[in-house]
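Peer 1: Please read through the structure below; I'll follow up with questions.
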Amino acid sequence: MAFYQESITDIYPKHILMTVHKVDVLIIGGGLSGLSLAYFLQKSGINSTILEARERLGGRMLTQYEAGKAPLEMGATWLGNKHTALTTLLKELELEIFEQYLGEQAIYEPISTSPPQLVTLPVNEEPSYRIVGGSSQLIQTLHQQIKNTQEIHTATPVVAIKEKGDVLEVHTKEGMFTSSVVVSTVPPNLLAKSVTFEPSLPKDILTVMKTTHTWMGDSIKIALTYEEPFWRDHGHSGTIFSGVGPIPEMYDHSDVADQTFGLCGFLNGSYFSLEKEERLSLILGQLKKYFGSQAEDFLSYEERVWRNEPFTYTPYEAHVLPHQHNGHSLYRSPYYHGKLFLSGTETAHTFPGYMDGAVRSAQQVASVVQANYQHV
């Protein structure tokens, strides 16, 4: 949600008749958690409506596709065997995963005063995996599963939530939605800063929300595609760990068939204010140090500066540590007399800040909603 400061009268000018939609379950946010929740509810015969601020679904899961080039992950990418909620969902949706290629050796650059080293990687007992075809395959498949029965509104930011008797009014610029069950999957800090609550939420939960780290919010994902995986020459794997930067880590990002090739990783988040061309220049400078001039022969460059995404990130009021308050116990309680639930990856009790956490939070809320419906 973007940070709107308009009053309700600004949202709905007096000469415009406000459209009111009455819905069973209202989900704010069409990312992995919101879509998973709609999917779980649908399996129980419960109708839901999703309000997504962006013009696309997926939230912080975003794969860039271009014909003939490797799919490039600009958001959530990796999962492990321990992420059982996610892997179970993938199997149910018949989506496959494949192991992230690390190779036997990696480039390691601990300090600026020493040259990069080629080090032998230990046996990886907990490998990371990627979704075949890209992480967005999960988003697209969930959408296909629910689109015929669940209502979805994109480009619809929520600006206010008001308790009115037995229902909550959820205000957007296009109209008002009313429901006795509202679930927000928006990052908590963003929700607290961008939505007006009437009456105000309790002070303790607002304090936690404003000091909860937003997963991916500080990240800059970067990726380049190449005609050939030249980094594999001379024992290189494309795996890079650097304490010098500006790239702290990078990996081979070729497709599952090993027919299209790329490198993908993170850029130090402090470079968010630079222009795209400036970031690319820094990236190429580091890669040329390792691989020589071949690094400049890329086919395409993609990046996503999540700090600059208004429907993902908004500045904190004070310094917040990575994963701070992720999974906080206050997120497991509903508000407004059981009508408002706070979901999303940051709220998950287990694996908060991961794709698995997003799915688990959806499962937890779905189980409560399903139980309540059974007693109606």
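The values are calculated or read from the model by the stated rules, or taken from the named source; none is laboratory data. Values in this document were obtained by computation on a predicted structure and should not be read as measured data. Using ideal geometry, Cβ is built from the backbone for each residue, glycine included, and neighbour counts are taken over all protein chains shown. Accessible surface is based on the protein model in full, side chains and every heavy atom, while ligands, DNA and RNA are left aside. Shrake-Rupley method; radii C 1.70, N 1.55, O 1.52, S 1.80 Å.
Peer 1: Identify the residue in region 233-242 that is in contact with an Asp or Glu (Cβ under 8 Å, 6 or more places away or on another chain) and surrounded by fewer than 22 Cβ atoms within 10 Å (Cβ to Cβ) and, among all such residues, is nearest to Phe261 (Cα to Cα).
Peer 2: Within region 233-242, the match that is nearest to Phe261 (Cα to Cα) is Ser237.
Peer 1: I've got another one for you. Looking only at residues in region 359-376 that are open to solvent by 10 Å² or more (accessible area, probe 1.4 Å) and in contact (Cβ under 8 Å) with a residue 12 or more places away in the chain, which one is farthest from Lys210 (Cα to Cα)?
Peer 2: Looking at the filtered set, the residue picked out is Tyr373.
Peer 1: Let me ask you something else. Filter region 171-186 down to residues that are within 26 Å of Arg307 (Cα to Cα) and either open to solvent by 10 Å² or more (accessible area, probe 1.4 Å) or of a type in the set (Val, Ile, Thr) (or both) and give me whichever is modelled with the lowest pLDDT.
Peer 2: Filtering first and then ranking leaves Lys173.
Peer 1: Under 7 Å by Cβ, and 6 or more places apart or on different chains, what pairs join a residue from region 307-330 that is surrounded by 11 or more Cβ atoms within 10 Å (Cβ to Cβ) with one that is acidic (Asp, Glu)?
Peer 2: Here the result reads Arg307/Asp218; Asn326/Glu346; Leu330/Asp204, each pair linking region 307-330 to a residue that is acidic (Asp, Glu).
Peer 1: Going by the structure shown, is Thr156 under 30 Å from Lys289 (Cβ atoms), of a type in the set (Ser, Thr, Tyr) and in a loop (DSSP other than H, G, I, E, B)?
Peer 2: no
Peer 1: Here's something else I'd like to know. Condition first: in a loop (DSSP other than H, G, I, E, B), open to solvent by 40 Å² or more (accessible area, probe 1.4 Å) and without any contact (Cβ under 8 Å) to a residue 24 or more places away in the chain. Can you find one or more residues in region 125-142 that meet it?
Peer 2: Yes: region 125-142 contains one or more residues that are in a loop (DSSP other than H, G, I, E, B), open to solvent by 40 Å² or more (accessible area, probe 1.4 Å) and without any contact (Cβ under 8 Å) to a residue 24 or more places away in the chain.
Peer 1: Follow-up question, since we're still on this one. Mind checking whether some residue in region 263-276 is assigned to a loop (DSSP other than H, G, I, E, B) and more than 24 Å from the chain's Cα centre (by Cα)?
Peer 2: no
Peer 1: So which of Phe298, Phe291 is crowded, with 17+ Cβ neighbours inside 10 Å and modelled with pLDDT under 95?
Peer 2: Only one candidate passes the filter, namely Phe291.
Peer 1: Which of (1) open to solvent by less than 60 Å² (accessible area, probe 1.4 Å); (2) modelled with pLDDT of 95 or more; (3) part of a loop (DSSP other than H, G, I, E, B) is the odd one out, the single condition Met1 does not satisfy?
Peer 2: (2)
Peer 1: A further question follows. If I go through region 251-270 residue by residue, how many of them are surrounded by fewer than 20 Cβ atoms within 10 Å (Cβ to Cβ), in contact (Cβ under 8 Å) with a residue 40 or more places away in the chain and not polar (S, T, N, Q)?
Peer 2: 4
Peer 1: Let me ask something additional. Filter region 340-358 down to residues that are open to solvent by less than 10 Å² (accessible area, probe 1.4 Å) and outside any helix (DSSP H, G or I) and give me whichever is nearest to Gly31 (Cα to Cα).
Peer 2: Among those that are open to solvent by less than 10 Å² (accessible area, probe 1.4 Å) and outside any helix (DSSP H, G or I), it is Gly344.
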